[in-house]
Each structure stands twice: as C-alpha cells, then as structure tokens.
Amino acid sequence: MVSSAKLEPGLQPAVLLVAGDEALIGRVRYLLPAADFRLLTAGEASAGAEVVARECPALVLIEPRLLGASDTEALASAAARVGAHLLVVCDAEEDGNATGEQAVESVFVSRSGSPASNPLRSAFERHLLDENRRLRALRRASEERIEELLGARDDWARTFDAIDEPLAILSRDLKVTHANRAFLRLAGARVSEPVGMACHRALFGTERPCEACALGWGERPTAPVELVAGGRSYSMHCFDGGERHICLYRETTEERVVTRRAMQTEKLAAIGQLAAGIAHEINNPLGGILAFTQLMLRDEGRSEQDLEMLGEVERAALRCKRIVGGLLNFSRRRHAGCSSFDLNQLAEDVALLFRPQLKGPATVVLHEELWPVPLMVRGDATEIEQVALNLLVNALQAFDGRPGTITLRTRRQGEHVELTTSDDGPGIAPELLSRIFEPTFTTKPPGLGTGLGLAVAWGIAERHGGSLEVKSEPGTGSTFTLRLSAAAEAAGGDFDRGTPGG
C-alpha cells in the first residue's frame, strides 16, 4: 500500500505497538507502508506496558477483546503517560466505551472494511502529518537559532578585533586559540596565522615560555606581568577564562622611558637639595680665602713671584665660587640668565682653559671647528661654559692615557645653535647610554668621577630650554651635542658675552 502522507527526510520512522493476535498484526502490515514505521508487538498487557515505557511508541493499537478490561485499562494508561495515540480494535457491533474512560479519546478501527476506509490508516497518516509539521517547525526554529548564533559570533569577532590592545585566548598548553587584529600586528610579518602556535613563539619568536610569566610553569598570574623582548617591554594581564587563559598585552616601552625620565628628574631634585647644602658650606671658607688673598695682594713689598702666586689663588678661588654659585642656581631651579653671548667666543675661551690639561705622556689633540659668523645665544654664559668644559674633560678621560683626537665644533641648524664635542675614543656600551645622565652614575674609578657632571650638564641644558644628546658606538668614539635656541643679535652687531654667574 502507498500512503498519501509521506515521511519527510530527517524524520525517524514511527514506532507502532500492536497488542493483539497474529491476525491483527498481519492486518496492520497490510494496511500501513512498512518503510514508515517500526512494528513492536506484545501478547500480554504487562509486557505491552513495559514496552510502552521503554520505547515510547507514537501509536498503540490494542484489542480489548483479547486483553480484557483491566489489562486494556493499564495499557491505555501507559500510552497516555508517553503521549501515544491510542487505537482500539473493535467489531462494528461493539460499544466504543468497552475500554472505560481511557478509551473515550481513542480511535476505533474494525477488523473488516477496505484499506482505504480503515481508520488505522487515517490515524497513521494524521500522525505523519503532525510529525512533519513538528519537524518543519523544529527546522525553522533551528535555522533561526543558527542565524542568531552566527550574528552573535560576528558581533563577538568585530568587538574582539575592535580592541586596540593585543588580545589572545590561550589553551592550557599556551596555544593561541583566538587572536585579534592588534595581536596580529604585534606578532608582525613573522607570523601569518598565530592560531595553534605557542603565545611566546607567536609574539617574540622564542621557543621557551617567558621567564617572568607564571603561565610558563602552570600558574595563572594574579598581577600584571612585565615582559621584555626585542628591546620592547609589555605588560601582560591574564584573566580567568575557565579552561582558557585570556591575555591582554599592553606595550609599555614609552611609558617606561617616561618613568625613567621622571625618576631621573626626581634624582636631580634630590641632588640639587644636597648640592645646595654643600655649596653653602663651601662658600663660607671660599669667601675667607678670597678675602685674605685680596688683602695680601694689596700689601706693599710683595715680590713678583708672590703676586703671581696670589693671583693664581684669587683666580682659582673665584672660579670655585662661580662653580658653587652654579650649583646653588641649579639647586634652586632658577631660570637661566638673560644676557646674550656668542657661542663661538665661549668655545674659544673653553678651549683656552682646557688645553693645559692636554699636556701629558699621551698625545691628545684638540681641533676647533667654529661657525664663520657669530652664534648668538641668550642665557647664562658661565653655565654653558661649565657644560662645554665638562664634555671636553669627559672626552679626555675616555682615552685613559691613549692618544686620540677631540673636536670642538659649533654650528647653526635652523632656529637652533649647537656646540658639539666628538672624540675617537673607545665609545660607550649600548647598555650604559640610557644611564649616563643619571645622578651619581659613573664608570670612572673611585676618585676620578662623582657621576654628577653629565647630570648637572643635562639640567643646565634643560633649564635653558635646550637639550643634551649623545651618540656613541663601541670602538668609534662618542659625540655629545648641546642644542640651544638661537638669539637675535644685539643692535649694531654688538653683544655682551655676560659676566660670570650671569
């Protein structure tokens, strides 16, 4: 037989339980297409109830005449509990209420009659139609749910990629399972697809986990982890993702530079306070030395040799006083002086003071390359002279008794003027370049340096609105550049170089 209701793809064949004799079972096989149902049989009501509870059939066909009233009632109750359609077989002359209240909603079929008019086939087709409608509704609901999930996935992916900082989700073995675009940019061209790679290999190209990261030894960090690789530094925050690690990376390279500068400024402030106290203590005996020296110079009858020696003492005391005054000015963070001076003339004076230090067993030559026209600068000439002299002395000490060349150069660069000292000495190691302007930091042996010279020079340059920069490579020498703002020349071309102390 061919049924008018067909089983839709994806729908399992209906389970039909027949509680009756062989004749009834044969009749069922004749009336229904075998491909659309799975037939179960039960000769007794107790066995039928057990099958109903275990298999949950869609249709239950019983014959009360064979089972008896009580067994029919029990089987009908079991069918009702699982929501099965109950079909009751009866002859035309039998009463439909023979099965009691449980049979009120039952469909009555007859052993006789043509297949086309038999209620069993109609009931089965209604079941197929109901199941087909249920399947279509389930498919529609599934498709709608899939669309919702796909939309949620796309929203999640867009949100994930919109985060500016590198973000990755890692498995327990530190393999990247998801990564946003910022993570890909951080990984760079070295990694085309980080998913499946270890995080440390994807980001830094290393085969071993980062030493500072607790994830490497199976623990979840409770605080941000500082990672350093390739000359850059990163702060990694790890969040609890259950069986996953959610890691957010933030580059802190520039932040660390700013922090170091702030620390350096704080150190300079502390050194300035210390220098102020020391300067005051030194100033008092210097004043006495200078006063007594000047009184002795006024004494009549002094020999020329005595006068010359006293003059040297006076000049040395005045210079010490100027340096002490510079320390006091530096510690007070006073604004630079307001006199104009020629940077070329200052360089010549500094070279004149420095040349006597070149005398010694080693041959160190000083070359001067000065700009052909005056380079006017407004500021404290004594402080700038102190910076230039300090740079020359450092260059000389770098040779450590070996021969070499020092070049003192001035030039104009746009709106700025520059004073540069270059040497062909041993140079500065890269790991020390970032620390040479720190107060008290020095590579010189004890007694040859305090570590304050470059720190004070850096402070003077900053106070004048300029900068002090260094370029150096081991084996090729060092170049220090003092850059200041150029000042307009005084009226008539004359200028005042300024007095000591500004």
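For Leu370, are the conditions met, namely being touching a Lys or Arg at 6+ places or on another chain (Cβ under 9 Å), modelled with pLDDT of 85 or more and outside the structural domain of Thr405 (by TED's automatic domain parsing)? In short, no. In segment 130-140, the residue that is surrounded by the fewest Cβ atoms within 10 Å (Cβ to Cβ) out of those that are under 13 Å from Ala14 (Cβ atoms) and at pLDDT 70 or above is Arg134. Apart from one condition, Leu268 fits all of (1) over 30 Å from Phe437 (Cβ atoms); (2) at pLDDT below 75; (3) surrounded by 13 or more Cβ atoms within 10 Å (Cβ to Cβ); the exception is (1).
Do we have any residue at all in segment 240-248 that's more than 12 Å from Leu174 (Cβ to Cβ), at pLDDT 75 or above and surrounded by fewer than 15 Cβ atoms within 10 Å (Cβ to Cβ)? Yes, the conditions are met somewhere in segment 240-248. Take the conditions (1) exposed (fewer than 14 other Cβ atoms within 10 Å of the Cβ); (2) in contact with a Phe, Trp or Tyr (Cβ under 9 Å, 6 or more places away or on another chain); Val417 misses just one of them, which is (1).
Selection within segment 207-231: residues that are modelled with pLDDT of 75 or more and exposed (fewer than 15 other Cβ atoms within 10 Å of the Cβ). The member of this set that is nearest to Cys247 (Cα to Cα) is Pro224.
Please verify whether segment 174-187 includes one or more residues that are aromatic (Phe, Trp, Tyr) and free of Cβ contacts under 8 Å to residues at least 60 places away in the same chain. For segment 174-187, residues aromatic (Phe, Trp, Tyr) and free of Cβ contacts under 8 Å to residues at least 60 places away in the same chain: absent. Within segment 35-46, the set of residues being modelled with pLDDT under 75 and either outside any strand (DSSP E or B) or out of contact with any strand residue (DSSP E or B) (no Cβ under 6 Å at 6 or more places or on another chain) (or both) comprises Ala35, Asp36, Gly43, Glu44, Ala45, Ser46.
Does Leu167 satisfy being among the aliphatic types (A, V, I, L, M), in the same structural domain as Leu215 (by TED's automatic domain parsing) and at pLDDT 80 or above? Answer is yes for this residue. Among the residues of segment 409-441, those identified as over 19 Å from Val393 (Cβ atoms) and in a strand (DSSP E or B) are Arg411, Arg412, Gln413, His416, Val417, Glu418. Out of all the residues in segment 55-71, is one or more over 60 Å from the mean Cα position of the chain (by Cα), modelled with pLDDT of 80 or more and among the small types (Gly, Ala, Ser)? No, there is no match, as no residue in segment 55-71 is over 60 Å from the mean Cα position of the chain (by Cα), modelled with pLDDT of 80 or more and among the small types (Gly, Ala, Ser).
In segment 7-19, how many are touching a helix residue (DSSP H, G or I) at 6+ places or on another chain (Cβ under 8 Å) and either surrounded by fewer than 13 Cβ atoms within 10 Å (Cβ to Cβ) or modelled with pLDDT of 75 or more (or both)?
6
Is it true that Val51 is in contact with a strand residue (DSSP E or B) (Cβ under 7 Å, 6 or more places away or on another chain), buried (at least 22 other Cβ atoms within 10 Å of the Cβ), of a type in the set (Val, Ile, Thr) and at pLDDT 80 or above? The answer is no for Val51. Find all pairs meeting these conditions: Cβ atoms under 6 angstrom apart; at least six residues apart or on different chains; first residue within segment 50-77 and at positive phi; second residue at pLDDT 80 or above and part of a helix (DSSP H, G or I). Once the first residue is at positive phi and sits in segment 50-77, its partners that are at pLDDT 80 or above and part of a helix (DSSP H, G or I) give Cys56/Val82.
Against the condition closer than 20 Å to Glu473 by Cβ, surrounded by 17 or more Cβ atoms within 10 Å (Cβ to Cβ) and touching a Phe, Trp or Tyr at 6+ places or on another chain (Cβ under 7 Å), how does Leu391 come out, does it pass? Write out each step before concluding.
Details: closer than 20 Å to Glu473 by Cβ: yes; surrounded by 17 or more Cβ atoms within 10 Å (Cβ to Cβ): yes; touching a Phe, Trp or Tyr at 6+ places or on another chain (Cβ under 7 Å): yes.
Against the criterion (closer than 20 Å to Glu473 by Cβ, surrounded by 17 or more Cβ atoms within 10 Å (Cβ to Cβ) and touching a Phe, Trp or Tyr at 6+ places or on another chain (Cβ under 7 Å)), Leu391 qualifies.
Taking segment 149-196 as the range and being of a type in the set (A, V, I, L, M, F, W, C), farther than 17 Å from Arg250 by Cβ and crowded, with 17+ Cβ neighbours inside 10 Å as the test, the residues that pass are Leu174, Val176, Val191.
The values are calculated or read from the model by the stated rules, or taken from the named source; none is laboratory data. Note that the coordinates shown come from a computational prediction; the quantities given were computed from them, not determined experimentally. Every residue, glycine as well, gets a Cβ built from its backbone with ideal geometry; the counts of neighbours run over all protein chains shown.
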